[in-house]
Amino acid sequence: MTELISRIVGGLNTPVFLTRFLVTVLIMLVSGAIVLGISLLYEGLATYAERKVAGDIQARIGPNRVGPYGLLQFVADGVKLLLKEDIIPFYADKWLFILAPYIVFTVSFAAFVPLSYSDHIAVANLNVGVLYIIAISSVVSMAILMGAWGSNNKWSLFGGMRAVAQIVSYEIPIVLSLLAAIILPASMNMRDIIVYQGGGLGIFRWLVFNNPFTFLAFFVYFIAAIAEVNRTPFDIPEAESEIVAGYHTEYTGMRFAFFFMAEYGDMFVVSAIATTLFLGGWHLPFIGGISMPLWLRDVLQVAVFFMKVFVLIYLMMWIRWTLPRLRVDQLMELCWKYLTPIAFFNLIGASVWVLLLHGRGIYDIIARIIVH
Amino acid sequence: MPAADERFMQVNMGPQHPSTHGVLRLLVSTDGEVLRDARPYIGYLHRSLEKIAERVTYPQFTPFTDRLDYLASMNCNLAYAMTVEKLLNIEIPRRAQILRVIMAELNRISSHLIAFGSFSSDMGAFTPFLFGIREREFINDLFEMTCGSRLTYNYIRIGGVSQDIPEGFIGKTREFLDYFPAKIKEYNELLSYNAIFIKRLANIAVISTQDALDYGVTGPNLRASGIPWDLRRSEPYLIYNELDFNIPVGKGEVGTVGDAWDRYMMRIYEMEESSRIIRQCLDMLAPGDYTAKVSKVLKPPAGEVYVRAENPRGELGFYLVSDGSTKPYRLKIRAPSFANLSIIPKLARGVMIADLIAIIGSMDIILPEIDR
Amino acid sequence: MAGYFKKMFTALNSVLTGMGITIKYGVNPKAEVTQQYPEVKREPPDRFRGKLFVNINICTGCTACARICPVDVITLKTVRDENKKLRPVIFDINNARCIYCGLCVEACPVDNCLYFEKKYEFSAYTKEDLISHFGLGEAQSPGKKAEEKTADVTKEQKEAAQ
């Protein structure tokens, strides 16, 4: 594709540096538009799925009026939100109030970039992919506080303070448990990490099965990730029954929708990280060894990747519609007294494991014993 | 209103707030998440029911008692009917008494189901709320086939009940009683013994025995504090002295006696006991009159009378003064929720915002009864 | 330390129990109890207290219903016709104010005169539309003709009501 574009642009008789610049911009725009389109479609369908899952669990039906099985519900919702009156409170800090939803949405969208969807499909093959995602998703806490403070509403302020406290605290167990996984492939590149997990029928060399420490790290990461994206039982920043709607109490219409979509975008990102780092990413289980055309392999890999992500997202929804909410201090207690120490010991344990066994996983050891 | 202290933030919780169970307004002064003070302001639902009673005749006031505690209309009807009957000295036929007990206990279950459900949604778990509503629909159907209404029944009248139970009522009630215990077990597994739920409620807002007596707290809230005071047992009316049932008392199963969890659990236990009572009543049901002979124009002798009955929310008392005319001279309603609400400022001192929601929910107050 | 792990275990256990219950409903489509309202309508029971209806032709104009009503929903005006019988000239029921308590139905001394219909969908755009008029109106000329006319009026009303 790069060659194609450079050939087209090159035919226009322009200087080389300009050609390179234009090509880069064009590639950025196109890939950005594709990711944006897919992520918006996903976010719409995710809101539908959330309501449908909630309906199933609560012995209800869920949305079923718009389109077949209510599938177009999110389109109707989107139109409704677009047409709603855009209210900016009179006493709001207008700049912060207006800016916050865009930052939240941009950040959640930007986190899609370094993900590796298949062997050959990725928006950007960053060598610091994991670090990039962790770094960029911490900006969310700032944007949420901007919106909360800018709203000039006491409930929003409560929500904003809670959100910042929660997100900042839960970054620590997240990073520690991700580190426990990263030290095995010794890379922060999403693709390298997935490639490392190849073999073993496409299942047994997943990092989650590599050793007991990574196994635990996966659960620590997942619990902390639920807190990171503010979902029940850790949804205290927007706890409806306590502080009305938390930091987005004053937002209406599309501004609210940006917060809403960002939440689902974040869900995808944290699930994708879990899939990439622990669950073998796009490796095809069982049929990986069969020879097939390249395009088919890529399609299947994308499908497998998304399937794993969606299972995790379903798990999050299932948890949400089962559990009550923790209190703000208990949330901190869970983080500092349970998750952080466990994640820390995990990291030490995983490091020792890597040192002693030279990075071999349980599967490799068993395979070697059987072979000998 | 005292001058606001600059160090604390004054927040209005209600009259429009997701979890103030109607239109309760609490003026809360907080230091961050910690409450310094919560002051209830009531009257948003005031309809002058006591004054209306002086304008209408004795039978005409029965529909207004439906609207005292709309989740337990039968019990309110019953208390009012017993008051007027005591003034008139009417003997109630046995069948009518049994029917009254069946209806009152069914209504107790349906009221506790709402209490359970709304409390769970206050705590952030939305699914149990819908489960509670689902079971309540069965009871609503039973009431609808008996008296034609699903919420404001106006079924228990002065002298008996308005009409005999329809064909099939007994069978359907038994069906419900057979179906219900499995659901209670489900509630317990899903919510009551959930670790997060216990963590939120154990040792929170403990009402000591002395406090409960001092503030006039009644009903499940009083029994949760360890006092086995139930008018059905201590001051039996109707046929309650012939029935075999337990009075559940708070034992501090997961924390202190009289904490929020105990208050919540009393309602679950009482639903089980009510089911037992209804079963016994259905067995006792023999043919007979469903109402005593009451003349159309009631002219009770001059005098005054106070009658109280055990409502799902506590002691509902009617103090009725008659001047010998067809209309009451004065009717004073002792609403249980009013007394129960009065202890909230004491409980709310020094707790967190999330705990305040737990306190309001666990007291199970209902606003129309408070404002009358 | 043992307590620390025991706490974690009980917490995890109770969470998993709860999730077991919710997934049981989540995968079982038969557990749905929703009724699709506009398509599926439940048949109200016989005693259902819906919209009030007056069979005005057999109304004796005794005003028992209007007197018992606790919220003054019924506006009833009667005149004596030439046979000394009470004739309900105006019989308005304000459905917007009715609390559906059923006292009037019980007070009515005539069988099948005032009763509840099994009707619960009668929303209207204005409050005036919610008032149902059952009155016979002023008799224009005495005798047989008037009777015929009133019969027509009630028929029309009944149709309109439906």
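Principal-axis analysis of the Cα atoms of chain C puts helix C:144-161 at an angle of about 20° to the longest axis. Annotation for the range C:1-64: trypsin sites (Lys or Arg not before Pro) lying in DSSP loop with at most 13 further Cβ atoms inside 10 Å of their Cβ are C:Lys41, C:Arg42. Where in the range A:60-87 does the label zone of B:Ala182 land, with the point 7 angstrom along Cα→C-beta and an amide N cut-off under 19 Å? The answer is A:60. Stokes-Einstein, applied to the Kirkwood radius of chain A over Cα pairs at a viscosity of 1.002 mPa s and 20 °C, places its translational diffusion at 96 µm² s⁻¹. The convex hull around the C-alpha trace of chain B, projected and averaged over every direction, spans 18.1 square nanometres. Springs join every pair of Cα atoms under 10 Å in this Gaussian network model of chain A, and among A:Leu216, A:Leu347, A:Leu22 the largest mean-square fluctuation is at A:Leu22. Between C:Ala2 and A:Leu82, the simple label model (points 7 Å from Cα in the Cβ direction) yields a spacing of 6.4 nm.
Can you give the FRET efficiency for C:Asp46 and B:Asn89, using 1/(1 + (r/R0)^6), R0 = 41 Å, r = Cβ-Cβ distance, to the nearest 0.05? Write down the numbers at each step before the final one.
Details: r = 35 Å, r/R0 = 0.85.
E(calc), rounded to 0.05, equals 0.75.
At a Cβ-Cβ separation cutoff of 4.7 angstrom, cysteine residues of chain C with no neighbouring cysteine are C:Cys59, C:Cys62, C:Cys69, C:Cys98, C:Cys101, C:Cys108, C:Cys113.
Computed from the Cβ-Cβ distance with R0 of 51 Å, the FRET efficiency linking A:Val75 to B:Ile170 stands at 0.50. Counting Cβ atoms of other protein chains within 10 Å of each Cβ in A:152-162 and taking the mean gives 2. When Rg is the radius of gyration of the Cα atoms in the range C:52-136 and Rh is its Kirkwood radius, what does Rg/Rh come to? Here the Rg-to-Rh quotient is 0.96. When each full DSSP H helix of chain B is screened for a Cα extent of at least 18 Å along its own axis and an average Kyte-Doolittle hydropathy of at least 0.0, the helices passing are B:73-88, B:94-122, B:127-147. Across chain A, C-alpha contacts under 8 Å between residues 6 or more apart give a mean separation that, scaled by the residue count, equals a relative contact order of 21 percent.
Fully extended, how many nm does the chain gain between A:Ile172 and A:Leu18 (0.36 nm per residue separation, minus their Cα-Cα distance)?
Numbers: separation 154, 0.36 × 154 = 55.44 nm, distance 4.35 nm.
Residue separation times 0.36 nm, minus the Cα-Cα distance, leaves 51.1 nm.
Remark: mean inter-chain Cβ contacts per residue of B:139-150 equal 4, using a 10 Å Cβ-Cβ cutoff to other protein chain atoms.
Compute the length gained on full extension between B:Asp289 and B:Glu272: take 0.36 nm times their separation in residues and subtract their Cα-Cα distance, giving the result in nm to one decimal.
Values: separation 17, 0.36 × 17 = 6.12 nm, distance 2.92 nm.
Value of the extension gain: 3.2 nm.
Peptide C:7-20: average number of partner chain Cβ atoms within 10 Å per residue?
Working: counts 4, 3, 1, 3, 7, 2, 2, 11, 7, 1, 7, 16, 8, 3.
Per-residue shielding by partner chains comes out at 5.
Note down, for the range A:155-259, the three equivalent ellipsoid semi-axes (square root of 5 times each alpha carbon gyration tensor eigenvalue), biggest first, whole angstrom.
Working: eigenvalues 256, 40, 27 Å².
Its equivalent ellipsoid spans semi-axes of 36, 14, 12 Å.
Short-range pairs are left out: with C-alpha atoms under 8 Å and at least six residues apart, the relative contact order of chain B is 26 percent. The label-point distance for B:Tyr306 and B:Val34, in a model that sets each label 7 Å from Cα toward Cβ, rounds to 4.1 nm.
Which order do the peptides B:326-335, B:286-295, A:275-284, B:313-322 take when ranked by the mean count of other beta-carbon atoms within 10 Å per residue, highest first? Display every interim value, and only then the final one.
Numbers: B:326-335: 18.2, B:286-295: 13.1, A:275-284: 26.0, B:313-322: 23.5.
The peptides rank, most packed first, as A:275-284, B:313-322, B:326-335, B:286-295.
Among the listed pairs B:Lys86/C:Lys51; B:Lys199/B:Lys346; A:Lys337/B:Lys251; B:Lys296/C:Lys51; B:Lys183/C:Lys30, those whose Cα-Cα separation exceeds 23 Å are B:Lys86/C:Lys51; A:Lys337/B:Lys251; B:Lys296/C:Lys51.
Distance between the pseudo-spin-label points of B:Thr326 and A:Ala33 (7 Å out from Cα toward the beta carbon): 8.2 nm.
None of the figures in this text is laboratory data; all of them are computed from the coordinates on show. Worth saying up front: this structure is predicted, and the values here are computed from it rather than measured. Positions of Cβ are backbone-derived with ideal geometry, glycine not excepted, and every protein chain shown enters the neighbour counts.
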